[in-house]
Amino acid sequence: MLLVLLLVMLTSCTAIPQNLANKIFTFPQQTNTAHVRVTTSGQDLKAVTVCFRSFTDLNRDHSLFSLATPSAHNNFLIFKKAANGLFELWARGKLNTVEGIAYKLNTWHSICSTWNATSGLMQLWVDGVPSSRKFTSSGSNINGPIIIVLGQEQDTHGGGFDINQSFVGMMSDVHMWDHTLSSCEIQNYSNNLSFTAGNVLNWYAFEFQIVGRVLIENKQELCQ
């Protein structure tokens, strides 16, 4: 009976959206299996904004947000490189790098990224500060079936995980929109001000499946 309960805890699924306000996902160890698979009804995206908050002490490469389809496993990917201040942004299987971002370990960061299929421009925002806008890929939408994974980087559609690219740390407030947010909207999100929740992924109505050792915990409030 204990084994059955443990398996249920380590591989759990929810079909009903959950309000995760004041909650975090904790990824407590390096692994090539543990992840959160997020469910979305949006399967044709002509533009994307993704925002989340993350905390880690990793000083190696790791995935922060991975969206894959059968045609491109890096259809929308936010990937932190080992070098300080260096990120990779992927859209439709095309890569751009962003350098010089102020980014500290053991600190909560608000991270957002935008992409538009018409212009092909992609941009990263960290703690409300934007990177340079760069051309990545234009002319075609992100088409499903879409699989979104937190905690791992997809090298195949829904799999192909590499332990050396896994995320170890905490993540919260994950939202995704089917349009590019304005700079004011992104800064409102980053500064914990009022903002419109995501219409593709909404942290307050989040549909997901946990695979492996990923915990749902309350946010830690520090004494003043």
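The values are calculated or read from the model by the stated rules, or taken from the named source; none is laboratory data. This one's a predicted model, so the numbers in the text were calculated from it and none came from an experiment. Cβ: placed from backbone, ideal geometry, glycine included. Neighbour counts: every protein chain shown. Surface accessibility is based on the protein's heavy atoms, side chains included, excluding ligands, DNA and RNA. Shrake-Rupley method; radii C 1.70, N 1.55, O 1.52, S 1.80 Å.
Residue-by-condition table, conditions (1) open to solvent by 10 Å² or more (accessible area, probe 1.4 Å); (2) within 14 Å of the chain's Cα centre (by Cα):
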| site | (1), (2) |
| --- | --- |
| Q43 | yes, no |
| F65 | no, yes |
| I78 | no, yes |
| A82 | yes, no |
| G85 | no, no |
Condition (residue is over 17 Å from the mean Cα position of the chain (by Cα) and crowded, with 20+ Cβ neighbours inside 10 Å) applied to the stretch 136-159: is it met by at least one residue?
yes
Per the list (1) without any contact (Cβ under 8 Å) to a residue 24 or more places away in the chain; (2) of a type in the set (K, R); (3) touching a Ser or Thr at 6+ places or on another chain (Cβ under 7 Å), residue check on K104 breaks on (3)
Expected output for the stretch 64-82 (first residue outside any strand (DSSP E or B), partner acidic (D, E), Cβ below 8 Å, 6+ apart or cross-chain) is K81/D61; K81/E88; A82/D61
Having 2 or more residues that are β-branched (V, I, T) is the bar; report the strands (runs of 3 or more DSSP E) wholly within the stretch 107-203 that clear it.
109-116, 147-150
Given (1) under 21 Å from F167 (Cα atoms); (2) at pLDDT 95 or above, index of the condition W115 fails
(1)
Based on what the data block shows, is W177 open to solvent by less than 60 Å² (accessible area, probe 1.4 Å) and closer than 20 Å to Q123 by Cβ?
yes
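Could you tell me which residue of the stretch 87-97 is nearest to C51 (Cα to Cα), considering only residues that are in contact (Cβ under 8 Å) with a residue 24 or more places away in the chain and open to solvent by 10 Å² or more (accessible area, probe 1.4 Å)?
W90
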Checking S172 against (1) open to solvent by 10 Å² or more (accessible area, probe 1.4 Å); (2) out of contact with any His (no Cβ under 7 Å at 6 or more places or on another chain); (3) more than 25 Å from L95 (Cβ to Cβ), only one condition comes out false. Which one?
(1)
Every listed condition ((1) open to solvent by 70 Å² or more (accessible area, probe 1.4 Å); (2) farther than 17 Å from A21 by Cβ) holds for L193 save (2)
Identify, by number, the condition in (1) closer than 21 Å to V149 by Cβ; (2) open to solvent by less than 10 Å² (accessible area, probe 1.4 Å) that H35 doesn't meet.
(2)
Mind checking which residues of the stretch 180-195 are in contact with an Asp or Glu (Cβ under 7 Å, 6 or more places away or on another chain) and over 16 Å from V126 (Cβ atoms)?
F195
